[in-house]
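Chemist: Pasting in a structure now, in structure tokens, and then I'll have a few things to ask.
The values are calculated or read from the model by the stated rules, or taken from the named source; none is laboratory data. Bear in mind the structure is a predicted one, so any value in this text is a computation, not a measurement. Cβ coordinates were reconstructed from backbone atoms using ideal geometry, including for glycine residues, and neighbour counts include every protein chain displayed. Accessible surface areas use protein heavy atoms only, side chains included; no ligands, DNA or RNA. Shrake-Rupley method; radii C 1.70, N 1.55, O 1.52, S 1.80 Å.
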Amino acid sequence: MTHPASVRHKPVVEFIDVDGVRLRVATQQGAGGGTPLLIFNGIGANFELVFPFMEAMDGTEMIIFDVPGIGRSQMSWWPRRFNGLARLTAKLLDRLGYPEVDVAGVSWGGALAQQFARSYPHRCRRLILAATSAGAFMIPGRPKVLAKMITPQRYISPAYMQRAAGTIYGGEARRNPALIVDHGSRIIAPRFMGYLYQLAAGAGWTSIHWLHKLKQPTLIMAGSEDPLVPTANARIMSLLVPNNRLFIVPGGGHLFLLHSLNKVVPVIQQFLQSRDPQRPT
């Protein structure tokens, strides 16, 4: 569904104190009538990186925030595991006045999305898992790719990002390096400890033993050319989540949610709007 330019709304950015942390939050007004979509971003990524997707989802009310130590959110005094970050998110939604949301998680954020859906099932209507896995029990990416993810160097050095993006993200980033120039222009380098806290949040975490208990209709998406999170992970999750639809993005790399908008946005919109979200139109 498209909307005239007159009703398009840019995200509104504000700072909100939640559980002792000053979080930077962006909300985008929708056309009205639908369930808001909450987005959990990838590791080290500030929310501006997701703005192209938010713009493409015109008409959908959306919420996204920088987790502690990322973007311009305040550093937390202590690291939080995924269940602690899910609890922080629930408190933020309370502050914003959202009793129920749809949830989308990308990569690292996909794990947090799974945890939120598990911890707060009454607050998560539908679930979108993009370029992610079940955590510790996953089919790993290529070793040289994983080695480049240990530090936030790609967010700190534009030259390094340009050199390494094709290897890390694959797909569209490998075929069209100009996409990474635009991507890099929106980066806010994360604090080093904030990045480490994100790594610590997922250390040893897995959803493999409770994915079968998820009640939400779930859209599982993977890029066919993702070197970081191989598509086998999405197929495994699809076998375990009871009520799901699997969509493999043709030619998609790890950043397909940003770089293959024409392929993924119609699928996501259909999933969120359909009475039968698992049946493609």
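Chemist: Filter the stretch 173-187 for residues that are in contact (Cβ under 8 Å) with a residue 40 or more places away in the chain and within 13 Å of residue 154 (Cβ to Cβ) and give the result.
Modeler: Correct list: 173, 183, 187.
Chemist: Which numbered condition in (1) assigned to a loop (DSSP other than H, G, I, E, B); (2) within 13 Å of residue 43 (Cβ to Cβ) is the only one that residue 225 fails?
Modeler: (2)
Chemist: Can you tell me which residue within the stretch 215-256, out of those that are farther than 25 Å from residue 147 by Cα and of a type in the set (S, T, N, Q), is nearest to the chain's Cα centre (by Cα)?
Modeler: Among those residues, the one meeting the criterion is 218.
Chemist: Could you please let me know if residue 49 is crowded, with 19+ Cβ neighbours inside 10 Å and in a strand (DSSP E or B)? Explain how you work it out, then say what you get.
Modeler: Details: crowded, with 19+ Cβ neighbours inside 10 Å: yes; in a strand (DSSP E or B): no.
When the stated conditions are applied, residue 49 does not pass them.
Chemist: For the stretch 224-232, does any single residue satisfy the condition of being closer than 20 Å to residue 50 by Cβ, charged (D, E, K, R), open to solvent by less than 20 Å² (accessible area, probe 1.4 Å) and out of contact with any Lys or Arg (no Cβ under 7 Å at 6 or more places or on another chain)?
Modeler: Taking the stretch 224-232 and keeping what is closer than 20 Å to residue 50 by Cβ, we get 226, 228-229.
The next check asks that each one be charged (D, E, K, R); those that pass are 226.
Of the ones still in play, those that are also open to solvent by less than 20 Å² (accessible area, probe 1.4 Å) are 226.
Remaining after also requiring out of contact with any Lys or Arg (no Cβ under 7 Å at 6 or more places or on another chain): 226.
Within the stretch 224-232, one or more residues are closer than 20 Å to residue 50 by Cβ, charged (D, E, K, R), open to solvent by less than 20 Å² (accessible area, probe 1.4 Å) and out of contact with any Lys or Arg (no Cβ under 7 Å at 6 or more places or on another chain).
Chemist: Taking the options 119, 107, name whichever one is under 14 Å from residue 168 (Cα atoms) and of a type outside the set (Asp, Glu). Working first, answer last.
Modeler: Working: 119 fails: under 14 Å from residue 168 (Cα atoms).
Sole residue among the options that is under 14 Å from residue 168 (Cα atoms) and of a type outside the set (Asp, Glu): 107.
Chemist: Quick check: is even one residue across the stretch 209-218 out of contact with any Asp or Glu (no Cβ under 8 Å at 6 or more places or on another chain), under 19 Å from residue 128 (Cβ atoms), part of a helix (DSSP H, G or I) and open to solvent by 20 Å² or more (accessible area, probe 1.4 Å)?
Modeler: Let us first name the residues in the stretch 209-218 that are out of contact with any Asp or Glu (no Cβ under 8 Å at 6 or more places or on another chain), namely 209-218.
Imposing the further condition that a residue be under 19 Å from residue 128 (Cβ atoms) reduces the set to 210-218.
Going one step further and asking which of them are part of a helix (DSSP H, G or I), we end up with 211-213.
Okay, now just the ones that are also open to solvent by 20 Å² or more (accessible area, probe 1.4 Å), so 212-213.
For the stretch 209-218, residues out of contact with any Asp or Glu (no Cβ under 8 Å at 6 or more places or on another chain), under 19 Å from residue 128 (Cβ atoms), part of a helix (DSSP H, G or I) and open to solvent by 20 Å² or more (accessible area, probe 1.4 Å): present.
Chemist: Any residue in the stretch 60-76 that is within 19 Å of residue 155 (Cβ to Cβ), open to solvent by 10 Å² or more (accessible area, probe 1.4 Å), among the aliphatic types (A, V, I, L, M) and at pLDDT 95 or above?
Modeler: Scanning the stretch 60-76, I find at least one residue that is within 19 Å of residue 155 (Cβ to Cβ), open to solvent by 10 Å² or more (accessible area, probe 1.4 Å), among the aliphatic types (A, V, I, L, M) and at pLDDT 95 or above, so the answer is yes.
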